[in-house]
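Below is one structure, written out as structure tokens; comments come after it.
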């Protein structure tokens, strides 16, 4: 079955540290990839997405993600985190052949310490 | 612009009582609609989706049901709540043909 894995469940970083959150999926066909973020007390919102083209995708607030097809990965990165990046981050994937169904990972809680 | 509403924001219900959560979308027509449950450490689990009025697909067998009586209205229901129904319920919509989903504020349901 198609699945999405986020291996880091809880990450704690100091401000200005670099961030990389892992996301892997299991499916050999065409995928669309997303990262969503949920700040404390706010709606889940889209951070960035990949449909096709350049595998390095830039999103809002300085985040980027790289699609590596051979590794079935779509890791999220930020060179220097801020306290305001404290949130829960969800990787999501749509798999070809179906309707617009999005499969979410289990989420990673990021805590940035000032 | 499009907006999505969910109510109530929080709900505390006794075991065995009925449930009705409502989601409405404004500013778009014929959206795809979704109900998710978010549980700590388990991410978002898709419960139901709908591609049109009266068209409901269930992703997992459970104690819940969904209905879409109008184009931009999506309702999550239960006849008798279980303790295990406690959780955070999110409604989402997407444009037909698009994979990008937009989420509502959610409803925190506690079953006692």
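Looking at region A:45-114, what strands (runs of 3 or more DSSP E) fall wholly within it and have at least 3 residues that are within 10 Å of another protein chain (Cβ to nearest Cβ)?
Qualifying strands (runs of 3 or more DSSP E): A:87-95, A:102-104.
I'm trying to understand the selection: among the residues of region A:33-54, which are over 12 Å from the mean Cα position of the chain (by Cα) and surrounded by 20 or more Cβ atoms within 10 Å (Cβ to Cβ)?
Result: A:44, single match.
Where in region B:1-111 are there strands (runs of 3 or more DSSP E), lying wholly inside it, with at least 3 residues that are in contact (Cβ under 8 Å) with a residue 24 or more places away in the chain and within 30 Å of residue A:23 (Cα to Cα)?
Because the criterion is at least 3 residues that are in contact (Cβ under 8 Å) with a residue 24 or more places away in the chain and within 30 Å of residue A:23 (Cα to Cα), the strands (runs of 3 or more DSSP E) in region B:1-111 that meet it are B:3-7, B:32-39, B:43-52, B:87-94, B:107-111.
Evaluate the following for residue B:95: is it surrounded by 20 or more Cβ atoms within 10 Å (Cβ to Cβ) and either more than 11 Å from every other protein chain (Cβ to nearest Cβ) or closer than 28 Å to residue A:89 by Cβ (or both)?
Taking the combined requirement at face value, the residue does not satisfy it.
Across region B:22-51, which residue is surrounded by the most Cβ atoms within 10 Å (Cβ to Cβ) among those that are more than 15 Å from the chain's Cα centre (by Cα) and more than 11 Å from chain A (Cβ to nearest Cβ)?
By that ranking, first place goes to B:28.
When residue A:29 is evaluated against the numbered criteria (1) more than 19 Å from residue B:39 (Cα to Cα); (2) within 13 Å of chain B (Cβ to nearest Cβ), which criterion, by number, is the only one it fails?
Condition (2) is where residue A:29 drops out.
Quick check: is even one residue across region A:91-101 out of contact with any strand residue (DSSP E or B) (no Cβ under 7 Å at 6 or more places or on another chain), without any contact (Cβ under 8 Å) to a residue 60 or more places away in the chain, surrounded by fewer than 21 Cβ atoms within 10 Å (Cβ to Cβ) and under 27 Å from residue B:37 (Cα atoms)?
Scanning region A:91-101, I find at least one residue that is out of contact with any strand residue (DSSP E or B) (no Cβ under 7 Å at 6 or more places or on another chain), without any contact (Cβ under 8 Å) to a residue 60 or more places away in the chain, surrounded by fewer than 21 Cβ atoms within 10 Å (Cβ to Cβ) and under 27 Å from residue B:37 (Cα atoms), so the answer is yes.
Taken together, the values in this text are just the output of simple stated rules run on the coordinates, not laboratory data. Quick caveat: nothing in here was measured; it's all calculated off a predicted structure. Backbone-built Cβ (ideal geometry, glycine too); neighbour counts: all protein chains shown.
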